[in-house]
Amino acid sequence: MEKLAYFLIFTVSIARYGKCNELENLSIKELDSIISICQKSGQFKNAIPYLIQGQTIAAQKFGKQDTLYLRYTTNLGYMNKKSGLYQQAEAYYLEAPSIGKSILPSEDPDFATLLNNLAHLYMTTGRFLKAEPIYKKALEIRKKKLGMHHFVATSYNNLGVIYIYMQRYDLAESYIKKAMKIRAQTLGKDHAAYGSDLNNLGHVFYYAGKYEQAEHLFMEGMKIRKNHLGALHPDYAASLNNLASLYHLTKRYAKAELYFLKSLKIERKISGEHHPHVLNTLNNLANFYIDMEQYNKSDSIFQKVLTLQLQLLGKNNPTVANTYYNIAKLYEKMGYLNISESHYKQAIALYKQLYGPNNTLYSGSIRGLSSFYLHTGNLRQATIYIQKALEAVTQRPFDLNISQLWVNQMKALEFESENHIHNTRKALNVLYKILSKADGNNDKLASICEVALHLIKRSKDSYISDKDKIRILKESNDWVQKYLTLLDLQKNPQKAFNIIEFNKSILLYEATKASQSYTLGNLPDSLYFLEKNWLKQIEVLETKLIKVYYDAKDSIRRQLNELHLKMDSLKRHIEIHNPIYIKNRYLSPKITLLDVQNSLDEQSALIEYAIGDSCLTAVFIDRHYVKIKRLPIKISVLKDFVVLWSMR
């Protein structure tokens, strides 16, 4: 049985066939040589006619139920996908498994490869819920037939990557670490594949906002790739590009530019000026220069990139859509508003054509155009397009008649992925800005805040780890501050109190809840501080568990198990002697104002607060009285005060 592969590599020069217009005169070997050269040079679309001819010859000679026909069908899917021709790619990728079922043994690993190809296409086009079960099926086949094999690691890695796209970073981390464990055992930690897994794990922490850990993993992955593959390799250049993007995001601009340019130099040397890898790095560099306010330099690069993309890939390609969108943002900043508007609309049309109306790139580009109209003062068009953006991301007609019924309907919505929930909140933020431009919209604005906070809670509840839940604290804080400014605080003390409680991150909320429980539950100081100390030790060990390699993990896990056993014993003791503390600390989902007031004695009071960038909202509670006050104070001033106070 011939093993399935993407391409047969030959060294025959394409120049020999450059003048031949009759494809039927070429042999299979000659066709494969040209296809290979097109693939290496990034000319994916040019390879398609040769693949179709190869598929035709294979069908005539051997029939469609044959491995050669299957190989050409699979490669046609690949080349169409790389060319941005996703509908054509899907047709080929769907045909391939149907052929594979009839000519491959049951649950053959090669059949898992065919499934992987289809799942990857669905992931690329944002159809994550379609991709996930197919990836899992491929993993199941490979695990059953191959055991501890690096192909199984590849399947774990694929699932990890899709969970990055779905913003399920806890699951992404888990699957990529499983891939790393297998790679370490089968290939070794100095293998380039292990370096790629480190790189993907770096992306988990990058998108989760854990930049220090991401940098460490990117660096380790880069070193392995350089040692194993050499400095003149596209994977090493990709590692440089990842680090450059990280330095750009974290405002280390000198290092960012240096790494972008180093990556670009290597890619040009390997592939020449016209390869998609080169164009991708140039795109990143142009975006970097936007943030540096070097607009002319950015414009020059973007125009070069767009010209080459149109020549190499054609106009119906996702990278072309991305470039149109980036140029639109640049021209908006430069004040070329008519051209900016035109480029936004070109990007929107392409995203819809390529990905369909439910993709977040499509809805995000419409949201970008709405923000453009908001920025230019065209509120009517801004409103029209934000309505379209919300309809695209929620996949339902969006009514701007905002009422309690609207709030209830928005809360009841089902979303395709966490990414769709995140993009809905972004669109609601633009809608909030539009409506805040006119008087008399406070009730509508409060309703938008209520829905946004509900969606944040849904995201928190869907995450497994506290690390993922903490990520959205800043977004939560922004919505809380908006909501509090709209409330009549004295008429709505319970709502204000609930909003302030909502504002806390998981760890801060737990710490505050522990403090409240300690105050209200009469827990002895010795037990309270013992519990606090053990929880801190658990947090430190869990952080170490993320950073260390597998060799050191067993020791940390043993320590964690011992601490968890101690904590369980302590909880049982407290539950017998201080049941109110356990109820408030671990069992009550929310502490209400009435709960607090009933638990306070005549000499006690409690103060809760929420801090924004320019104001502090405080709630004073005693047994008979609730007072809420908003105080104008800059958070920077408050930080300075805390520092000075701590130095006394």
Note to self: Cβ-Cβ distance below 6 Å, separation of 6 or more or different chains: which pairs start in segment 205-227 with a residue that is on the phi > 0 side of the Ramachandran plot and end on one that is open to solvent by 50 Å² or more (accessible area, probe 1.4 Å) and in a helix (DSSP H, G or I)?
What the structure shows: GLY209/ARG471
Checklist line | Out of ILE270, ILE290, sole residue that is within 22 Å of ASN46 (Cα to Cα), open to solvent by 10 Å² or more (accessible area, probe 1.4 Å), hydrophobic (A, V, I, L, M, F, W, C) and part of a helix (DSSP H, G or I) | finding: ILE270
Notebook entry, point to check: Limited to segment 92-103, what total is found for residues that are touching a residue at least 12 places away in the same chain (Cβ under 8 Å) and either in a loop (DSSP other than H, G, I, E, B) or open to solvent by 10 Å² or more (accessible area, probe 1.4 Å) (or both)?
Noted result: 6
Margin query: Checking ILE57 against (1) among the hydrophobic types (A, V, I, L, M, F, W, C); (2) free of Cβ contacts under 8 Å to residues at least 40 places away in the same chain; (3) within 30 Å of LEU350 (Cβ to Cβ): exactly one of these is not met. Which one?
Written below: (3)
Notebook entry, point to check: Could you say which residue among LEU246, LEU310, LEU330 is within 30 Å of ILE386 (Cα to Cα) and buried (at least 20 other Cβ atoms within 10 Å of the Cβ)?
Noted result: LEU330
Checklist line | Failed condition for VAL393, given (1) surrounded by fewer than 16 Cβ atoms within 10 Å (Cβ to Cβ); (2) part of a helix (DSSP H, G or I) | finding: (1)
Check: Which condition breaks for TYR86 when tested against (1) farther than 21 Å from HIS274 by Cα; (2) at pLDDT below 85; (3) surrounded by fewer than 21 Cβ atoms within 10 Å (Cβ to Cβ)?
Finding: (3)
Next item on the list: Mind counting the residues in segment 1-44 that are modelled with pLDDT of 75 or more, loosely packed, with under 15 Cβ neighbours inside 10 Å and part of a loop (DSSP other than H, G, I, E, B)?
Entry: 1
Next item on the list: Determine which single condition LYS315 fails, assuming it passes every other condition in (1) assigned to a helix (DSSP H, G or I); (2) open to solvent by 50 Å² or more (accessible area, probe 1.4 Å).
Entry: (1)
Checklist line | Matching residues, segment 201-224, being within 20 Å of SER263 (Cα to Cα) and open to solvent by less than 30 Å² (accessible area, probe 1.4 Å) | finding: GLY202, ALA214, LEU217, PHE218, GLY221, MET222, ILE224
Note to self: Name the residue that is modelled with the highest pLDDT, counting only residues in segment 450-464 that are surrounded by fewer than 20 Cβ atoms within 10 Å (Cβ to Cβ) and in contact with a Phe, Trp or Tyr (Cβ under 8 Å, 6 or more places away or on another chain).
What the structure shows: GLU450
Item checked: Checklist (1) at pLDDT 70 or above; (2) open to solvent by less than 60 Å² (accessible area, probe 1.4 Å) applied to GLY521, failing item -> (1)
Margin query: Here are the criteria: (1) open to solvent by 30 Å² or more (accessible area, probe 1.4 Å); (2) assigned to a loop (DSSP other than H, G, I, E, B); (3) not acidic (Asp, Glu). Tell me which single one ARG380 does not satisfy.
Written below: (2)
Note to self: So, in segment 407-425, exactly how many residues are among the hydrophobic types (A, V, I, L, M, F, W, C), open to solvent by 30 Å² or more (accessible area, probe 1.4 Å) and under 17 Å from the mean Cα position of the chain (by Cα)?
What the structure shows: 1
Margin query: Checking the condition open to solvent by less than 60 Å² (accessible area, probe 1.4 Å) and of a type outside the set (Ser, Thr, Tyr), which residue from ASN322, ASN338, ASN296 passes?
Written below: ASN322
Check: So which of THR154, THR124 ends up being closer than 28 Å to LEU350 by Cβ and surrounded by fewer than 24 Cβ atoms within 10 Å (Cβ to Cβ)?
Finding: THR124
Notebook entry, point to check: Based on what the data block shows, is THR323 modelled with pLDDT under 90, hydroxyl-bearing (Ser, Thr, Tyr) and part of a helix (DSSP H, G or I)?
Noted result: no
Next item on the list: Give segment 205-216 a look and list any residue that's farther than 26 Å from LEU279 by Cβ and assigned to a helix (DSSP H, G or I), or say none.
Entry: PHE205, TYR211, GLU212, GLN213, HIS216
Check: What number of residues within segment 50-83 satisfy the criterion of being within 21 Å of LEU121 (Cα to Cα), open to solvent by 50 Å² or more (accessible area, probe 1.4 Å) and not basic (Lys, Arg)?
Finding: 1
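Each row is one residue, and each column tells you yes or no for (1) hydrophobic (A, V, I, L, M, F, W, C); (2) part of a loop (DSSP other than H, G, I, E, B).
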site: ASN46; (1), (2): no, no
site: PRO49; (1), (2): no, no
site: LEU76; (1), (2): yes, no
site: GLY84; (1), (2): no, yes
Item checked: Given (1) free of Cβ contacts under 8 Å to residues at least 60 places away in the same chain; (2) in a helix (DSSP H, G or I), index of the condition ALA231 fails -> (2)
Margin query: Need the failing condition index for LEU279 against (1) surrounded by fewer than 20 Cβ atoms within 10 Å (Cβ to Cβ); (2) at pLDDT below 95; (3) in contact with a helix residue (DSSP H, G or I) (Cβ under 7 Å, 6 or more places away or on another chain), just the number.
Written below: (1)
Note to self: Among (1) outside any helix (DSSP H, G or I); (2) buried (at least 23 other Cβ atoms within 10 Å of the Cβ), there is one condition LEU240 misses while meeting the rest; what is its number?
What the structure shows: (1)
Checklist line | Every pair of residues 6+ apart whose Cβ atoms lie under 8 Å, when the first sits in segment 134-145 and is modelled with pLDDT of 90 or more while the second is surrounded by 17 or more Cβ atoms within 10 Å (Cβ to Cβ) and not in a helix (DSSP H, G or I) | finding: ILE141/ASP108
Next item on the list: Return the only residue of LYS144, LYS189, LYS178 being open to solvent by 40 Å² or more (accessible area, probe 1.4 Å) and within 21 Å of ASP110 (Cβ to Cβ).
Entry: LYS144
Notebook entry, point to check: Given LEU369, LEU428, LEU374, which one is under 20 Å from the mean Cα position of the chain (by Cα), part of a helix (DSSP H, G or I) and modelled with pLDDT of 95 or more?
Noted result: LEU428
Next item on the list: Could you list, in sequence order, all residues of segment 434-449 that are buried (at least 17 other Cβ atoms within 10 Å of the Cβ) and either in contact (Cβ under 8 Å) with a residue 12 or more places away in the chain or outside any loop (DSSP other than H, G, I, E, B) (or both)?
Entry: ILE434, LEU435, LYS444, LEU445, ALA446, SER447, ILE448, CYS449
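The values are calculated or read from the model by the stated rules, or taken from the named source; none is laboratory data. These numbers come from a predicted model, not from an experiment. Here the Cβ is made from the backbone with ideal geometry for all residues, glycine too, and neighbour counts use every protein chain on show. Note: areas computed on protein heavy atoms with side chains; ligands, DNA, RNA excluded. Shrake-Rupley method; radii C 1.70, N 1.55, O 1.52, S 1.80 Å.
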